[in-house]
1. Go through the residues of region 34-43 one by one and say whether even a single one is surrounded by 15 or more Cβ atoms within 10 Å (Cβ to Cβ), touching a Leu at 6+ places or on another chain (Cβ under 6 Å) and in contact (Cβ under 8 Å) with a residue 60 or more places away in the chain.
2. Can you list residue pairs whose Cβ atoms sit under 6 Å apart, with the first residue in region 259-278 being free of Cβ contacts under 8 Å to residues at least 24 places away in the same chain and assigned by TED's automatic domain parsing to the domain that holds Ala241 and the second being buried (at least 16 other Cβ atoms within 10 Å of the Cβ) and in a strand (DSSP E or B)? Count only pairs 6 or more apart in sequence or on different chains.
3. Looking at region 67-81 only, could you name the residues that are within 22 Å of the chain's Cα centre (by Cα) and in a strand (DSSP E or B)?
4. I'd like to verify a number: residues in region 218-227 that are crowded, with 17+ Cβ neighbours inside 10 Å and not β-branched (Val, Ile, Thr), how many?
5. How about region 231-312: which strands (runs of 3 or more DSSP E) wholly inside it have at least 1 residues that are in contact with a Pro (Cβ under 9 Å, 6 or more places away or on another chain)?
6. Specify the residue that is nearest to Glu293 (Cα to Cα); the eligible residues are those in region 261-274 that are among the acidic types (Asp, Glu) and surrounded by 14 or more Cβ atoms within 10 Å (Cβ to Cβ).
7. Kindly list, by first and then second residue, each pair from a residue in region 144-168 that is closer than 20 Å to Lys43 by Cα and among the aliphatic types (A, V, I, L, M) to a residue that is surrounded by fewer than 19 Cβ atoms within 10 Å (Cβ to Cβ) and at pLDDT below 90, limited to pairs with Cβ atoms under 6 Å and residues at least 6 apart or on different chains.
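The values are calculated or read from the model by the stated rules, or taken from the named source; none is laboratory data. Note that the coordinates shown come from a computational prediction; the quantities given were computed from them, not determined experimentally. Methodologically, a virtual Cβ is constructed for each residue, glycine included, from the backbone with ideal geometry; neighbour enumeration extends over all protein chains shown.
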Amino acid sequence: MTLALDIRSITKRYSGHVAVRDLSLQVPKGTVYGLLGPNGAGKTTTIRMLLNIIAPDEGSIAILGRLNTEKGVLDQAGYLPEERGLYRKMQVRRLLRFLAELKGVKGAEADRRIDAWLDKLSLRTAEKDWGAAKVDELSRGMQQKVQFIGTLLHEPQLVILDEPFSGLDPINSQALKDTILELRRAGRTVLFSTHLMDNAERMCDAVCIIARGEKVLDGAVAQVKAEHGGAHLALGLAGGATAAVSEVLNDRSIVARADDHNRFFEIELSPGADAQVLLRRLVESGAIVERFEKVQPSLHQIFLQKVGASGIEDGMTGHG
């Protein structure tokens with residue numbers, strides 16, 4: 001297996017705080033890999049170590065078979081930081097040319113790639129060429145697209161995105177998702193951090209969940225879901241939950257956890273509980289059951305199970 005990223009036992013300490021502790025990850029080439037965790041879990045600190053912005057106190061990091069401290073290695077990486085940083089008074093196309101030149105892409109080739117990306121991400125249409133506008137004339141979503149283009153102009157083999165979906169509307173979020181999956185089809189490797197489990201579940205080949213700076217689990221999404229299967233049900237109700245239904249779902253002798261999405265629920269049965277008993281209780285309560293199906297747990301459920309509310313609360317402080 002060819003690794004795009006090989007992280008071995010990295011640790012990063014700050015004064016009185018361990019931001020990342022003994023973290024090891026292996027990311028195969030040509031995959032979409034999700035680094036998941038609550039805010040403050042250590043995701044951004046990990047990414048900054050990958051890019052040699054900060055050095056780990058212990059451990060090593062290799063990108064495409066070479067240590068990330070070697071000259072020229074990081075030229076193969078593209079990075080979209082969580083903190084957006086564009087020259088707001090600069091024309092978009094000039095800004096992108098500047099970013100391309102920083103990575104060694106110049107002249108007509110840079111212009112060709114810029115135009116192709118502007119077209120692809122609908123920043124140049126028959127009605128409007130946003131490449132001729134200044135950055136501060138663009139919406140937040142458009143600015144995010146511009147920074148994303150700047151990340152990809154030198155055609156990096158490893159693309160690292162820190163919370164790329166933060167603040168995007170559904171249309172721009174979908175455009176970003178489509179592009180990430182196209183990068184994978186082209187053989188590129190994408191590592192992105194997120195606290196949005198739904199995006200990770202739909203896009204990632206493999207994930208790592210970290211909390212309080214430590215790895216909780218990692219592996220292929222299908223493998224992770226199979227290993228944490230338990231007894232999970234998808235429940236759909238006509239009209240939502242009544243007080244009587246809520247009473248059934250709050251009976252911990254049957255239901256360990258019920259994740260409420262209005263008329264739809266993701267349920268984890270209590271150990272030894274019988275799904276048919278739950279179904280009978282729901283019908284007796286007056287519920288109109290439209291869906292009752294055994295399913296694999298979602299990454300959201302696995303995240304709650306492995307990290308829990310305490311991990312999320314602890315992660316709200318300290319370094320990212």
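1. Scanning region 34-43 turns up at least one residue that is surrounded by 15 or more Cβ atoms within 10 Å (Cβ to Cβ), touching a Leu at 6+ places or on another chain (Cβ under 6 Å) and in contact (Cβ under 8 Å) with a residue 60 or more places away in the chain.
2. Close Cβ pairs satisfying both conditions: Ser270/Ala256.
3. Kept after step one, since they are within 22 Å of the chain's Cα centre (by Cα), are these residues of region 67-81: 74, 76-81.
Answer for region 67-81, where residues must be within 22 Å of the chain's Cα centre (by Cα) and in a strand (DSSP E or B): Ala77, Gly78, Tyr79, Leu80.
4. Going residue by residue through region 218-227, those that are crowded, with 17+ Cβ neighbours inside 10 Å are 218, 221, 224-225.
Now narrow it down to the ones that are not β-branched (Val, Ile, Thr): 218, 225.
Of the residues in region 218-227, 2 are crowded, with 17+ Cβ neighbours inside 10 Å and not β-branched (Val, Ile, Thr).
5. Values: elements: 232-237, 255-261, 264-269, 289-295.
Answer list for region 231-312: 232-237, 255-261, 264-269.
6. Residues of region 261-274 among the acidic types (Asp, Glu): 266, 268, 274.
This time we only want the ones that are surrounded by 14 or more Cβ atoms within 10 Å (Cβ to Cβ), so: 266, 268.
Working: Glu266: 10, Glu268: 12 Å.
Taking the candidates together, the pick is Glu266.
7. From region 144-168, the pairs are Leu168/Gly141.
Every residue, every condition in (1) crowded, with 19+ Cβ neighbours inside 10 Å; (2) without any contact (Cβ under 8 Å) to a residue 40 or more places away in the chain; (3) touching a Ser or Thr at 6+ places or on another chain (Cβ under 7 Å); (4) of a type outside the set (Val, Ile, Thr), yes or no:
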| residue | (1), (2), (3), (4) |
| --- | --- |
| Met49 | yes, yes, no, yes |
| Gly59 | no, no, yes, yes |
| Leu64 | no, no, no, yes |
| Pro81 | no, no, no, yes |
